[in-house]
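Okay, so here's the structure we're looking at.
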Amino acid sequence: MWTRQSRDCFSRWLVTLVGYSVLLAFAIIFVFLVWQVWPLFQPASISAQSAAESSMPYSYQVEAQRRQSGSSGLLWLDNGLDERVQLHADGRFRWYQRLDGDWQLSLQGQLALSSWQAAVLLPGSRTLLVADQEALVHSWFRLHQQLIDRPGIPLHQSEVLALIPLSADTFFSLHPEVLHWHHATTGKRLTELRLSDQPLQQLQLSADRQRMRLDWGAGQSKDYQLHWQHPAVAGGQLWSKVHYEGRREAAYVWQTAAAADDSSPRLSLVPLTSGTLKAAAYAMLFATPLAILAAVFTAFYLPERWRHRARATMEMLESMPTVILGFIAAFLLAPWLEQQLMLFFVLLVLVPAVLLVCSGLWFHWRQRQQKQAEQPGAVLVLSLVAGILTAFMLAPVLEHAWFDGSLLLWLAGQGIDYQQRNALIIGMAMGLAVIPSIFSLTEEVVFQVPASLTQGVLALGASRWQTLSSMVLPVAAPGILAAILLGLGRALGETMILIMATGNTPLLGFDPFEGMRTLTASLALEMPEAAVGSSHFKVLLLAALLLLVLTFLINTLVSLLRLRIRQRYQQL
Amino acid sequence: MQTAMPTTMQTKVAIRDFSLWFQHQQVLDSIELTIPPNQVTALIGPSGCGKSSLLRAMNRMNELMIDCRNQGQVLLDGQNIYQPETDVARLRCRVGMVFQKPNPFPKSVYDNVAFGLRLQGERSRRRLDEQVESALKQVGLWSEVKSRLHQNALTLSTGQQQRLVIARAIALQPEVLLLDEPASALDPISTLKVEELIYELKATYTVVIVTHNMQQAARVSDYTAFLNQGRLVEWAATHTIFTQPASQQTEDYITGRFG
Amino acid sequence: MRQWWQQGSPWVWLSASALLLCLGLFMALLGLIAVKGMQHFWPAPLVQFQLSEQGKPQLGRLVRQISDRSEAATNRLWLLDRGDGLSKENAESPASSGRYLLLEAQQLLPERPSNAVLVQLHDGRTLYGTMLDAAEVWQSQEQAETGLWLELASQRPVLLPAEDIRAYWLPNQLSLWQRGVVFCQEWRHFLTAAPSQNQSAGGIFPAIFGTLVMVLLMAVLVTPFGILAAIYLHEYAPKNWLTQLIRTSVYNLAGIPSVVMGIFGLAFFVYVLGGSLDRLFYADQLPAPTFGTPGLFWAALTLALLTLPVVIVATEEGLSRLPQAQRLGSFALGATQAETIWKVVVPQAAPAMLTGLILAIARAAGEVAPLMLVGVVKSAPQLPVDMQFPFIHLERKFMHLGYHLYDVGFQSPDAEVAMSLVYAIGLVLLTLILLLNLSAFLLRQRLRRKYRLID
Ligand SMILES: Nc1ncnc2c1ncn2[C@@H]1O[C@H](COP(=O)(O)OP(=O)(O)O)[C@@H](O)[C@H]1O
Ligand SMILES: [Mg+2]
């Protein structure tokens, strides 16, 4: 029966359900990302498997007997593709490469050791691993006609029975009684398997490298399952410097399309994170002073009507689609700045200077006339325009005088690379995007400072500015901090401006004349191409999670600060 | 508490040992009060003493406020309204309420008066018309608004709005009408009209009125209860209270020496 | 001097100019987009440049609207004179005249032939040339066809068949009024036609249409949800930690970067939900995905999640501004809570909900990053709504104004040519969004006044 009570009840249930589902939605986003990213951090493992189901043929096998190096003389190693190495017991080697079907000698020489226990060429790669007598696996790779040395991989036992290649970046080292699994690129030990003290006869691997059989002879064998889903991040490549094959030194590398098909992508989040931080830092550098000064002026000096208009305009600016800002930045601002770099710097210095001088003069003049020196009005606009015009006139002159006519050429002479889409551009464009958020909140908290407080100070004979700096700003400080954080949160999550105006090269460092690639830009550009479930896909999700957590923290902080300031105002 | 009342009088609402807390603050303390039918009972007392809270206790409006808790009984025709199985919506139809500031809905005059009736499921246009008309006539507003029944109620003057709100309450034909300082926001002439109205209403309804205006209490009410700091200090026929109060506190209050 | 500093005069000056700068930058930006966007359609005079000496010209930065790529190899160039510094005086020594330095160290002889013609073809190409008197050509060709005889730069006269021509005009002969007419016609064409193959010409109708359909679908999804959630938070929710948690999650939802929401939309909605839908209902079409691929519905859903806090916050603000006396009045008349909410509270707070909805729509219309991931494409073969059953094709990909802007600006082969078109698209997008925001703003103002009246 559809009575009034049941309708009331139904309405209550429906509304409550929807209310809770907002919480649920947020939780799902979080939990889903965590759940997707989780496998990235699962360590590799070897687990025993019942022998019955593993009757499929194994294609790869290694005699697990100690090689008598020195007696047999030399060893041929093969990467299964296009590289072969002939290694002598005393460390001499000849490196062959297959070109158009023939094997050609590309490199020969002497390794930096006199004897070795085991050696291997990793499948599909150019990395040669050689275990010496002192529990160290040396690692070299061929780069063109050169052998590049990589940091060695320490072993836990000096006696090595064999090095067994597993993939382009992992291998086993087989010792008496124990099998270790190493990451070749980073040198990290992934896991280990304890064996019985009986001598092992044979180790077999399946073609897909998912299963392993150990054979002790006399019909005694055991099957294992190998778990390793994401070798591209398993060795801690996400956050540390790695010396990748094909590079001359260790570096943070974000390179998703790997050179060879079966080598894994290089996924260091460091360049992207630093790009995000750099972009946000420059934007905040540009936006914070402007927005806070403007907001304080609006809240404290402007008459009510103008205050409303300024606020409304800022609200409109806040809704400006960032794709438009990005496009203006990339196609208008960037070429302009490249031509007028000097003008930019002159403006930056000259305009505030001219303003200060004018304010001094104005103050002096008003004092001589014995009038209050407050609302400057038209004089201010005039001096602002004057400052800008002076800068326009002065810039070419200074550029001629100091930099031989071109600041860009001069910079290039100093070894500073100027990229057209750089951090200054981002600072201005994204700064413009975050100014409204900082402005609105700052204006609100400054305006809401209880009038009793300001009137009290004004009654003591302080000027408006003294009231502001001694009373209003300290009281409103948590709110202003919240505003800055809010702007920061927006800057960290901004995407379109960054895609369009950064150049999107993953560079490290905080150079103002260089571009960058940010987390958000990578997400937007690479996600559609990443194969579902691949390491790349999951690392992108990790980046998304990172951004989520970062903005979550910032927003929580903002809420807390706003709560604090509200309480403070109520107490006053 | 001192009472000087005939013990055999009839009872419409009986408040028995009723206490009320807002959060942790006790607002009413063991109130014992009897509201006789078809009479006007006035609640007087200094501001903040709990008059409005006591009034709201009679139609369970307190529980719409923040976090309140109560003890004791309020009997309407012998039924405890605080029983869990009480239909609160039905109760509030029987016990109507009018607030200090007129709060008409921003709808037409007609829709305002018909609002409660429609909630009760009244759909017939003819009967609605009749009841709206009779309610407006009872509050003496009919002649003033009959030409603009379908104008927004917010265009009426404050005094008219207050009478409209009373009409809206009595359109439901409640048994008890609770008025919380109904005239305090009005000008003297409107106040007079409302007072006259209250006097007429008691023929049909049991009226409880909160006021801090002594003259008003003296003019319109038959019984008066004096509250102070959440306690019922004295309850008696109005002329008794105003001529020979039993308690010193009451005397101080009505002679204007405190509060 | 000390007094000057103490009285804070420098700070007042600096902060006042900061405000002026912020507002000035914003206004300049708006003005720039408006002017450039309008200019795209204004039939500017045509100037012909004759190279005095043969050679392959080098294009300078400021060249726009060069008639045809192939002409770069000839000795004549057409330019649209948009009044920004191009004049006969300038052109006499063009190598030093700065702004129109387009050929390095080559002399230019500009002229404005009165029979210069600009022809818009149906396939989106624009041709510049001189129109020939048809009678003259007929004598030599001895055949009459309908169409336009053109002398394109340094080529033999060609006949453009009438059916290829969308519109043409003689820019150097038009009166102001005629220019206005052409301007309006070109705008109309721009707003109602589909883009040509190479994206950098033609209209933007599918993009506008796609944006609208997506935004409306999003509104349908987000409105009931956002409003109910706000009602819960303001009318039903008890004051406890759980409510606080819900409130926090609303604020945090608002703070999630839109691209992260896009990632979630792609990974969860498209791959997980869409993939399951496909396996359940469209198993016969697998492996070709139906819902397991970005599309209209997922885009709308993702944006609905993104704009949910906007609706909630605006609605809640409206609810909290409604005087409590209204609710009490309703309760006192024996209304249940549901009746109070649906008959008294919601009708009065409806404008606030509308405000929230409009703000949400404005936000969704301006978002690009999440849409790149969940369903927007550079050119969609079909509109998402058509006359075929079931009329609204939720699984289709669609075009979007913001993304179209990005695409034309960044992916088009000829960036210089596309530039002025991008301004026009930007102008349309900006107008749409500013209008929406303005209406939300005015609505909110009105509501506040009304509540002040009630209270
Ligand atoms: N909404 C409320 N929240 C908290 N305390 C309240 C509220 N309403 C009233 N009170 C408290 O209850 C006490 C009685 O209030 P009330 O009944 O309104 O007094 P009166 O109507 O006699 O002036 C007062 O002390 C007041 O502080
Ligand atoms: Mg009261």
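Is the stretch B:57-209 best put as rounded, prolate or oblate by its Cα gyration tensor, with a ≥ b ≥ c the root eigenvalues, rounded for a/c under 1.5, and otherwise prolate when a/b is larger than b/c, oblate when not?
Details: a/c = 1.84, a/b = 1.45, b/c = 1.27.
Because a/c hits 1.5 or more and a/b exceeds b/c, the stretch B:57-209 counts as prolate.
Apply the Karplus parameterisation 6.51 cos²θ - 1.76 cosθ + 1.60, with θ equal to phi minus 60°, to every residue of the stretch C:350-364 and state each ³J(HN,Hα) to the nearest whole Hz, in sequence, with x for glycine and proline.
For the stretch C:350-364, the Karplus curve yields 4, x, 5, 5, 4, 4, x, 5, 5, 4, 4, 5, 4, 5, 5 Hz.
With Cβ to Cβ distances under 10 Å as the rule, what net charge do the other residues near A:L205 carry (K, R +1; D, E -1)? Please list the in-between numbers first.
Details: positive: A:R209, A:R211, A:R213; negative: A:D208.
That works out to +2.
Tell me whether the stretch C:205-454 comes out rounded, prolate or oblate; compute the Cα gyration tensor, take square roots of the eigenvalues as a ≥ b ≥ c, and use a/c under 1.5 as the rounded threshold.
Numbers: a/c = 2.35, a/b = 1.60, b/c = 1.47.
It comes out prolate by the Cα gyration axes.
Helix-only estimate, please: 222 nm mean residue ellipticity of chain B, summing -39500 (n - 2.57) across DSSP H runs of length 4 or more and dividing by its residues, to the nearest 500. Mind showing how you got there, number by number?
On the way: 10 runs with 90 residues, N = 259.
After summing the helix terms and dividing by residue count, I get -10000 deg cm²/dmol.
Which entries of B:K51/B:K146; B:K107/B:K202; B:K12/C:K450; A:K241/C:K378; B:K12/B:K137 show an alpha-carbon separation above 31 angstrom in the structure shown? Walk me through the numbers before you get to the answer.
Working: B:K51/B:K146 35 Å; B:K107/B:K202 29 Å; B:K12/C:K450 41 Å; A:K241/C:K378 38 Å; B:K12/B:K137 26 Å.
With Cα atoms farther than 31 Å apart: B:K51/B:K146; B:K12/C:K450; A:K241/C:K378.
Report the FRET efficiency, 1/(1 + (r/R0)^6), for A:Q367 and A:Y20, where r is their Cβ-Cβ distance and R0 is 60 Å, rounded to 0.05.
According to the calculation, E is roughly 0.40.
How tilted is helix A:4-37 with respect to the longest principal axis of chain A? Cα atoms for both, answer in degrees (0 to 90, nearest 10).
That helix lies at roughly 50 degrees to the long axis.
Would you order B:S108, A:S359, A:S47 from fewest to most other beta-carbon atoms within 10 Å of each residue's own beta-carbon?
Values: B:S108 17, A:S359 25, A:S47 10.
Going from sparsest to densest Cβ surroundings: A:S47, B:S108, A:S359.
Along Cα→Cβ, 7 Å out, is where each label goes; now give me the distance between the ones at B:S147 and B:D252 in nm to one decimal.
5.5
Arrange the peptides C:179-189, A:22-32 so that the one whose residues have, on average, the most other Cβ atoms within 10 Å appears first. Each step should come with its number before you reach the end.
Details: C:179-189: 15.3, A:22-32: 17.9.
So the order, starting with the most tightly packed, is A:22-32, C:179-189.
Please list, in chain and number order, the residues 5+ apart from C:F291 or on another chain whose amide H is under 5 Å from its amide H, with Hs placed from the backbone.
The list, which skips near neighbours in sequence, is C:D278.
With labels modelled as points extended 7 Å from the Cα through the Cβ direction, what inter-label distance (nm, one decimal) is found for A:C9 paired with A:F345?
7.7
Which whole number of Å³ per residue matches the convex hull of the alpha-carbon atoms in the protein assembly as shown? All intermediate terms of the calculation are to be shown ahead of the outcome.
Details: hull volume 400.7 nm³, N = 1286.
Here the figure is 312 Å³ per residue.
In peptide C:263-271, what is the residue-averaged number of other protein chain Cβ atoms found within 10 Å of each Cβ?
Mean partner-chain Cβ count within 10 Å for C:263-271: 6.
Evaluate peptide B:166-179: per residue, the Cβ atoms of other protein chains within 10 Å of its Cβ; return the mean as an integer.
Values: counts 0, 0, 3, 4, 0, 1, 3, 0, 3, 0, 0, 0, 1, 0.
The shielding value for this peptide is 1.
Kindly express, to the nearest 10 degrees and within the range 0 to 90, the angle between helix B:158-170's C-alpha long axis and the longest C-alpha principal axis of chain B.
The two axes meet at around 90 degrees.
Once you have a ≥ b ≥ c as the square roots of the Cα gyration tensor eigenvalues for chain B, tell me rounded if a/c is under 1.5, and otherwise prolate or oblate according to whether a/b is larger than b/c.
Numbers: a/c = 1.88, a/b = 1.45, b/c = 1.29.
Prolate is the answer for chain B, as a/c is 1.5 or above and a/b outweighs b/c.
Specify the angular offset, from 0 to 90 degrees and rounded to the nearest 10, of the alpha carbon long axis of helix B:109-119 from the longest principal axis of the alpha carbons in chain B.
70
Each residue of the stretch A:547-555 in order: what ³J(HN,Hα) in whole Hz does its phi give by Karplus 6.51 cos²θ - 1.76 cosθ + 1.60, θ = phi - 60°, with x for Gly and Pro?
4, 4, 5, 4, 5, 4, 4, 4, 5
Under a point spin-label approximation (7 Å from Cα along Cα-to-Cβ), what is the A:H144-A:S534 distance to one decimal in nm?
2.9
Once amide H atoms are placed 1.01 Å from N in the peptide plane, what residues at a sequence separation of 5 or more from B:T34, or on another chain, have their amide H within under 5 Å of its amide H?
Distant-sequence amide H within range of B:T34: B:I15.
If you count, for each residue, the other Cβ atoms within 10 Å and average over each peptide, how do C:162-175, B:237-250 line up from highest to lowest?
Working: C:162-175: 15.2, B:237-250: 17.2.
Ranked by mean Cβ neighbours within 10 Å, highest first: B:237-250, C:162-175.
With Cβ to Cβ distances under 14 Å as the rule, what net charge do the other residues near A:S406 carry (K, R +1; D, E -1)? Show your work: numbers first, answer last.
Values: positive: none; negative: A:E338, A:E399, A:D404.
That sum, taken over residues with Cβ under 14 Å, equals -3.
Once the principal axes of the Cα atoms of the stretch B:153-229 are found, what is the range along each, listed largest first in whole angstroms?
Principal-axis extents of the stretch B:153-229 (Cα, largest first): 38, 27, 24 Å.
For C:M218, what is the net charge nearby, where nearby means another residue's Cβ is under 13 Å from its Cβ and Lys, Arg count +1, Asp, Glu -1?
On the way: positive: C:R363; negative: C:E367.
Counting the neighbours of C:M218, the net charge comes to 0.
Between A:A412 and A:R94, what length comes free when the chain is fully extended (0.36 nm per residue of separation minus the Cα-Cα distance, one decimal in nm)? Working shown, then result.
Values: separation 318, 0.36 × 318 = 114.48 nm, distance 4.38 nm.
Extending this stretch completely gives an extra 110.1 nm.
Evaluate E = 1/(1 + (r/R0)^6) for A:D511 and A:V381, where r is the Cβ-Cβ distance and R0 equals 25 Å; express this FRET efficiency to the nearest 0.05.
Working: r = 36 Å, r/R0 = 1.44.
It comes to 0.10.
If you take the Cα Rg of the stretch A:215-297 and divide it by 2.2 N^0.38 Å, with N the number of residues, what do you get? List each step's numbers first, then the result.
Details: Rg = 23.3 Å, N = 83, 2.2 N^0.38 = 11.8 Å.
The value comes to 1.98.
Assuming R0 = 51 Å, what is the FRET efficiency of C:V220 and C:Q6, from their Cβ-Cβ distance, to the nearest 0.05?
On the way: r = 60 Å, r/R0 = 1.18.
For C:V220 and C:Q6, the calculated efficiency is 0.25.
Other chains' Cβ within 10 Å of A:553-562 residues: what's the mean? Don't skip to the answer; put the middle values down first.
Details: counts 2, 2, 7, 4, 0, 3, 6, 1, 0, 1.
Across the residues of A:553-562, the mean count of other-chain Cβ atoms within 10 Å is 3.
When only alpha-carbon atoms are used, what values of Rg and Dmax, in angstrom, describe the stretch A:49-251?
In Å, with Rg to one decimal and Dmax whole: 16.9, 49.
Kindly write out, for the stretch C:383-394 in residue order, the coupling ³J(HN,Hα) from the Karplus curve 6.51 cos²θ - 1.76 cosθ + 1.60 (θ = phi - 60°), rounded to whole Hz, with x marking Gly and Pro.
Per residue, the Karplus-derived 3J(HN,Hα) values read 6, x, 10, 8, 8, 8, 4, x, 6, 9, 9, 5 Hz.
Values quoted throughout were computed directly from the atomic coordinates according to the rules given, and no laboratory measurement underlies them. Treat the numbers as computed from the prediction; the structure is a model and nothing was measured. Virtual Cβ from ideal backbone geometry, glycine too; neighbours counted across all protein chains shown.
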